[in-house]
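Below is one structure, written out as structure tokens; the observations come after it.
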Amino acid sequence: VAIGIIGVVLLAIGVIGFVVSGAVAGDYEAEEKLLDAKGVEAEQPTAELNAATDRVKAALDAFRDSVDAGVSAHNRFTQATDPRDCSLLPNNLLCQGPTAEEIQNSVFPAADAYAAAVDAEQNALAQLGQALAALKAARQ
Amino acid sequence: MSARFDHRQRGAVSPWLVIALALLMIGAVVAVLGVRSAVVAVQDRQELADFADARSDASRMADNGDQAVAAGQQLCNCDIQSRDLARQGADALAADDIDRFNGVVNQMNALTDQSNQLLEQLRALP
């Protein structure tokens, strides 16, 4: 009797196992069909998608940083072209823009730095576009 | 009589024992297969769930990326114009042509307003 009871219990466990496997099988049917059509296991495309998503995130952050750097460079150029602080002078008419020396030493370098920052910005945008294209390819 | 009866009992196998043993064997096989099937199904489900999450994240990131690229291209166009104006402004200052310099500054300020709006869009993206 004890052997029979153990057998029935094992049988019941097996049946429950099959019921559970049948119940969870249909939850991600669309994904399963997609993977079957590709003929790959889920792990590989998941890793590829996660890697591609991380690359786009990194590229987006890098682009934002380059834009911030561009804004700083723009501000530095604007400051370099500002008139000198003449608040202590008795007559504001005496306030003048930067001297020729300051223009050579500050304004032109600031304009060059701004140009470099804009180039870096464009470069970061191009990299974002490439990462995005790779992500779209991995998603298909 | 008693001795004969004992002899017969020792030689015979109870049909209930046979049924119980058969049930045990079948039960063991079914249990192994069933549990294995459940474990594999749960693992597959987890992998598929991870894949579905990865696809969902990828779609969201692709949408963000598209918006960022669209805003970024406009921003870059503004900054390229602004960069060229900065050079013109520096030249105007060097030439002591204040009117031209002020004109350049006004154009740069208009571009900065556009850039700031695009920058806000870019920063608002998750």
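A count restricted to segment B:51-70 and to residues that are open to solvent by 70 Å² or more (accessible area, probe 1.4 Å) and either within 13 Å of residue A:50 (Cα to Cα) or facing chain A (nearest Cβ under 7 Å) (or both) stands at 3. Within segment B:83-102, not a single residue is open to solvent by 50 Å² or more (accessible area, probe 1.4 Å), more than 7 Å from every other protein chain (Cβ to nearest Cβ) and of a type in the set (Phe, Trp, Tyr). Mind checking which residues of segment A:11-61 are over 22 Å from residue B:43 (Cα atoms) and either at the interface with another protein chain (Cβ under 7 Å from one of its Cβ atoms) or modelled with pLDDT under 90 (or both)? Matches in segment A:11-61: A:11, A:52, A:53, A:56, A:57, A:60. For segment A:105-140, give me each residue that is touching a residue at least 12 places away in the same chain (Cβ under 8 Å), within 20 Å of residue B:86 (Cα to Cα) and open to solvent by less than 30 Å² (accessible area, probe 1.4 Å). Within segment A:105-140, A:107, A:110, A:111, A:114, A:117, A:118, A:121 qualify. Restricting B:59, B:115, B:37 to residues that are touching a Lys or Arg at 6+ places or on another chain (Cβ under 8 Å) and part of a helix (DSSP H, G or I) narrows the list to B:59.
The values are calculated or read from the model by the stated rules, or taken from the named source; none is laboratory data. This is a predicted model, so every value here is computed, not measured. Note that each Cβ is placed from the backbone with ideal geometry, even for glycine, and that neighbours are counted across all protein chains shown. Just the protein is used for accessible areas: all its heavy atoms, side chains included, with ligands, DNA and RNA removed. Shrake-Rupley method; radii C 1.70, N 1.55, O 1.52, S 1.80 Å.
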